[in-house]
Number of protein chains: 2
Amino acid sequence: MDTPAPRRTRIQQEKRELILEAALEVFSTNGFRGSTIDQIAEAAGMSKPNLLYYFRRKEDIHETLMQRLLDTWLAPLRELDDIGDPLTELRSYIRRKLEMARDFPRESRLFANEILQGAPRIMPMLEGELKTLVDEKAAVIKGWMRAGKIAHTDPWHLIFSIWATTQHYADFDVQVRAVLGPNRGGDGRFEDAARFLEQLFIDGLKPKT
Amino acid sequence: MDTPAPRRTRIQQEKRELILEAALEVFSTNGFRGSTIDQIAEAAGMSKPNLLYYFRRKEDIHETLMQRLLDTWLAPLRELDDIGDPLTELRSYIRRKLEMARDFPRESRLFANEILQGAPRIMPMLEGELKTLVDEKAAVIKGWMRAGKIAHTDPWHLIFSIWATTQHYADFDVQVRAVLGPNRGGDGRFEDAARFLEQLFIDGLKPKT
DNA sequence: CTAACGTTTGTCCAACCGGTCAAAAATTTG
DNA sequence: CAAATTTTTGACCGGTTGGACAAACGTTAG
């Protein structure tokens, strides 16, 4: 076990949670080096030494945040299942990922920041756990292709393209809103995106006729 | 004019270019706040005060880099033209964007960093120049749809999805390589990506039969 | 009440960082 | 050559940052 059962009182649990919430906000908008302990402490409503009583180092906060993130972040892909209609299965995977971009944009940006900087803190996880999971799901998709249920193509790049298109609405949100303008850039943009992505992945761009 | 003809000697031109090249490397991997003048100076092979002789403030380097970037970054979209077959036109736009992700990954990451942090320095450009250009090209695409040349869908989100999928191979490069592994993550990954994206955007995932 | 334990904070420090400055070194000009 | 100009650097400064520490404060159990 990596975690040697760190006994914590109820108040410690709560304060740690408060700090993590504040840190998510700060880290996701300023990056790791761009964020200061003072900023996080203020966002959490406590003094810097007090924060350092719960997390000894700035990096400990980031690490805890990252570990927790990765669990929930890959949940949608884990759910991708061999049972059920392949196209339906893919459609709901895309929808789930898009909902995560809408509901947890900070988590998405935190992850994007880490990858952009070369993933110095989570590289082993990418090459291990993540690669294993993706390979496994790629095999499932390959099965669907062999069964003639979906078109033959590269399953890995298919997964990449789903990640890219959905996370784009969290990571590049400011750009999306700026380009769409005040009218179309409102809350409806996620429904528009869902409609578009469904059509793109299922039908492509060829005209029906 | 914004640039009041800043008279520069040949040696100044060269040194400034050297600094910008070094700064691109450093900024794109560490972000603006995560980069130090010392890092850039060392990468450029000169002392910090010497660097500050050519660019008075750290932000001036970043600004110059960003201005230069935006010109070349939108060139492929500018080339998207009403002449020629729509599907062919879109295919070559996708190919050009993917080639830029392959050949200029640092520029892509620099841009991604800026957007991730809320685009504090280029927001006016996004709402102005960029929005105008995208709206213009969206109109072109809408024309193709009305003419029955490509399927009806949302042109803006179509453009977003092309940006997202292609830039993914620059911004998330470490993740792509980690997941593909040593075999498939080599130089061939861009050809694989090109093949996949072409199929995705042109044909979708529905089986042929 | 009081001793023990968990929590909070003011103060301090060393390292770092962006930027200045004057003086030295190199280069150009007459 | 020598004067003028441009380029380079070492030393320095004020502000910030991550983190240490001991003292104060609060809470709970005996």
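Being farther than 24 Å from residue B:191 by Cα and either of a type in the set (A, V, I, L, M, F, W, C) or part of a helix (DSSP H, G or I) (or both) is the requirement here; does residue B:107 meet it?
no
Within segment A:26-53, take every residue that is surrounded by fewer than 19 Cβ atoms within 10 Å (Cβ to Cβ) and more than 10 Å from DNA strand D (Cβ to nearest atom) and give me the one that is nearest to residue A:167 (Cα to Cα).
First, the residues of segment A:26-53 that are surrounded by fewer than 19 Cβ atoms within 10 Å (Cβ to Cβ): A:29, A:33-34, A:36-39, A:42-43, A:45-50, A:52-53.
Now drop any that are not more than 10 Å from DNA strand D (Cβ to nearest atom), which leaves A:29, A:42-43, A:45-46.
Details: A:29: 15, A:42: 29, A:43: 26, A:45: 31, A:46: 33 Å.
If we take residues in segment A:26-53 being surrounded by fewer than 19 Cβ atoms within 10 Å (Cβ to Cβ) and more than 10 Å from DNA strand D (Cβ to nearest atom), then A:29 is nearest to residue A:167 (Cα to Cα).
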Residue B:68 vs (1) surrounded by 14 or more Cβ atoms within 10 Å (Cβ to Cβ); (2) closer than 19 Å to residue B:122 by Cα: all pass except (1)
Looking across segment A:112-169 at residues that are of a type in the set (Asp, Glu) and part of a helix (DSSP H, G or I), the single one that is surrounded by the most Cβ atoms within 10 Å (Cβ to Cβ) is A:114
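Do the conditions hold for residue B:57, that is, is it within 16 Å of DNA strand C (Cβ to nearest atom) and more than 11 Å from chain A (Cβ to nearest Cβ)?
Values: within 16 Å of DNA strand C (Cβ to nearest atom): yes; more than 11 Å from chain A (Cβ to nearest Cβ): yes.
Judged against the criteria, residue B:57 is a match.
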- Can you find even one residue in segment B:1-12 that is of a type outside the set (Ser, Thr, Tyr), surrounded by 14 or more Cβ atoms within 10 Å (Cβ to Cβ) and either more than 9 Å from DNA strand C (Cβ to nearest atom) or at negative phi (or both)? no
Of the candidates A:45, A:34, A:118, A:128, the one satisfying the condition of being within 16 Å of DNA strand C (Cβ to nearest atom) and within 11 Å of chain B (Cβ to nearest Cβ) is A:34
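Could you tell me which of the residues B:88, B:132, B:72 is farther than 30 Å from residue A:27 by Cβ and either in contact (Cβ under 8 Å) with a residue 24 or more places away in the chain or touching a helix residue (DSSP H, G or I) at 6+ places or on another chain (Cβ under 9 Å) (or both)? Working first, answer last.
Working: B:88 fails: either in contact (Cβ under 8 Å) with a residue 24 or more places away in the chain or touching a helix residue (DSSP H, G or I) at 6+ places or on another chain (Cβ under 9 Å) (or both); B:132 fails: either in contact (Cβ under 8 Å) with a residue 24 or more places away in the chain or touching a helix residue (DSSP H, G or I) at 6+ places or on another chain (Cβ under 9 Å) (or both).
Going through B:88, B:132, B:72 in turn, just one is farther than 30 Å from residue A:27 by Cβ and either in contact (Cβ under 8 Å) with a residue 24 or more places away in the chain or touching a helix residue (DSSP H, G or I) at 6+ places or on another chain (Cβ under 9 Å) (or both): B:72.
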Yes or no: segment A:180-190 includes at least one residue that is under 17 Å from the mean Cα position of the chain (by Cα) and in the same structural domain as residue A:97 (by TED's automatic domain parsing). yes
inquiry  = Whether any residue in segment A:138-161 is at the interface with another protein chain (Cβ under 9 Å from one of its Cβ atoms) and of a type in the set (Phe, Trp, Tyr) is what I want to check.
reply    = yes
- Based on what the data block shows, is residue B:94 without any contact (Cβ under 8 Å) to a residue 24 or more places away in the chain, within 13 Å of chain A (Cβ to nearest Cβ) and touching a Phe, Trp or Tyr at 6+ places or on another chain (Cβ under 7 Å)? no
The lone condition residue A:56 fails out of (1) within 10 Å of DNA strand D (Cβ to nearest atom); (2) surrounded by 13 or more Cβ atoms within 10 Å (Cβ to Cβ); (3) not β-branched (Val, Ile, Thr) is (2)
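Residue under question is residue B:170, and the condition is that it be more than 7 Å from chain A (Cβ to nearest Cβ) and more than 25 Å from residue B:116 (Cα to Cα); does it hold?
Numbers: more than 7 Å from chain A (Cβ to nearest Cβ): yes; more than 25 Å from residue B:116 (Cα to Cα): no.
No: the conditions fail for residue B:170.
Against the definition (more than 16 Å from DNA strand C (Cβ to nearest atom) and either under 30 Å from residue A:155 (Cβ atoms) or among the acidic types (Asp, Glu) (or both)), how does residue A:72 come out, yes or no?
Yes, satisfied.
Give me a count of the residues in segment B:173-196 that are in contact (Cβ under 8 Å) with a residue 40 or more places away in the chain, within 16 Å of residue A:159 (Cβ to Cβ) and more than 7 Å from chain A (Cβ to nearest Cβ). Talk me through it step by step, then tell me what you get.
Our first condition is that a residue be in contact (Cβ under 8 Å) with a residue 40 or more places away in the chain; within segment B:173-196, this holds for B:173, B:190, B:193-194.
When the remaining residues are screened for being within 16 Å of residue A:159 (Cβ to Cβ), the result is B:173, B:193.
With more than 7 Å from chain A (Cβ to nearest Cβ) added as a condition, the list becomes B:173.
Here the count works out to 1.
The values are calculated or read from the model by the stated rules, or taken from the named source; none is laboratory data. Computed from a prediction, not measured in an experiment: that's the story for all the values here. So basically every Cβ, Gly included, is an ideal-geometry build from the backbone, and we count neighbours across all protein chains shown.
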